[in-house]
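Presented below is the structure to which this report refers.
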Amino acid sequence: MNDCNFKEYQLSVELLKAISLLNFASPTEVQSQVIPAILAQKDIIVKSQTGSGKTAAFGIPICELVDWDQNKPQALVLTPTRELAVQVRED
């Protein structure tokens, strides 16, 4: 963890509430690097240890950027295995 807070990313009130309900206090190292990049709409590739917070690292900014009124794909998440794809879907 670091001294950063999710509020520093200027996320919507609804998303900050959801993050709080998940008991996320502050971003992990990978999240603090990935969230700003995705919010800036950059394409990224992330490699990090299991349990480091990768799913939330891309999930949080994707939820912020998606236009929920559009009924079409707006983000693509690739995983190297089916098992990981299932895990990401469940998270």
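Taking 7 Å along the Cα-to-C-beta vector as the label spot, tell me the Thr81-Cys4 distance in nanometres, rounded to one decimal.
About 2.8 nm, to one decimal.
Where does the chain land on the Kirkwood hydrodynamic radius, alpha-carbon pairs, in angstrom?
Details: mean 1/r = 0.0719 Å⁻¹.
Computed over the chain, the radius equals 13.9 Å.
Could you work out [θ]222 nm for the chain from helices alone, using -39500 (n - 2.57) per DSSP H run of at least four and dividing by all its residues? Round to the nearest 500 deg cm²/dmol. Let's see the in-between values first.
Numbers: 4 runs with 41 residues, N = 91.
Taking each H run of at least 4 residues, the total per residue is -13500 deg cm²/dmol.
Along the range 22-35, what does the Karplus equation 6.51 cos²θ - 1.76 cosθ + 1.60 (θ = phi - 60°) give for ³J(HN,Hα), rounded to whole Hz, x for Gly and Pro?
Working through the residues one at a time gives 7, 6, 8, 7, 8, x, 6, 4, 5, 5, 5, 8, 7, 4 Hz.
How big is the charge dipole of the chain about its Cα centre, in debye rounded to the nearest 20, if each Lys and Arg gets +1 on its Cβ and each Asp and Glu gets -1 on its Cβ? Could you put the intermediate results ahead of the total?
Details: 8 positive and 11 negative charges, 40 e Å.
The calculation lands at about 200 debye.
Rule-based calculations on the coordinates, nothing more; no lab input. As the structure is a computational prediction, the values presented were derived from the model and not from experiment. Virtual Cβ from ideal backbone geometry, glycine too; neighbours counted across all protein chains shown.
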